[in-house]
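Report on the structure given below.
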Amino acid sequence: MITSDLIKGSLKTIVLKLLEENGRMYGYDITRKVEELTGGKMKLTYGALYPVLHKLESEGVLVTEAENFNNRIRIYYSLTKKGYTVVAEKVREMKDFIESIESIINLKPGLEYA
């Protein structure tokens, strides 16, 4: 299981990429998809997810749409035009971060590094 500390810094990118790939989604759908794609290694809490969704909405990256489903209101999130640009930036940033972390993790003992 991946800790919430590691997930926290990646959550915006995760949410944005899922919305780019899947179109509109609601909160439970996002949490379920993350768990499915990671084989259960990552589990998002609503306490972490919804503040990110609300922040992205306030930044104009997401829009919401309320829909009645089985007599309950379900809020769907989808990307705005700006959101698609932000996804590309965040994914590029995340790839650079992962490459940097891999460089650190794969250090070989006894070698000199300049």
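Bear in mind that the values in this text are calculations on the coordinates, not laboratory data. It should be emphasised that the depicted structure is a prediction, and the values quoted were computed from it without experimental measurement. Methodologically, a virtual Cβ is constructed for each residue, glycine included, from the backbone with ideal geometry; neighbour enumeration extends over all protein chains shown.
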### Message
Using only DSSP helix segments of four residues or longer, with each worth -39500 (n - 2.57), what per-residue ellipticity at 222 nm results for the chain after dividing by its residue count and rounding to 500?
### Response
-18500 deg cm²/dmol
#### Entry: 26 Å Cα-Cα reach of residue 43 towards lysines, excluding residues that sit fewer than 8 places from it in its own chain
8, 12, 17, 33, 55, 90, 95
## Note on the structure
Of 90-102, 53-65, ordering from highest average Cβ density within 10 Å down gives 53-65, 90-102
### Query
Residue separation times 0.36 nm, minus the C-alpha to C-alpha distance between residue 85 and residue 50: what's the value?
10.5 nm
### Task
Any chance you could give the angle, 0 to 90 degrees and rounded to 10, that helix 27-37 forms with the longest Cα principal axis of the chain?
40
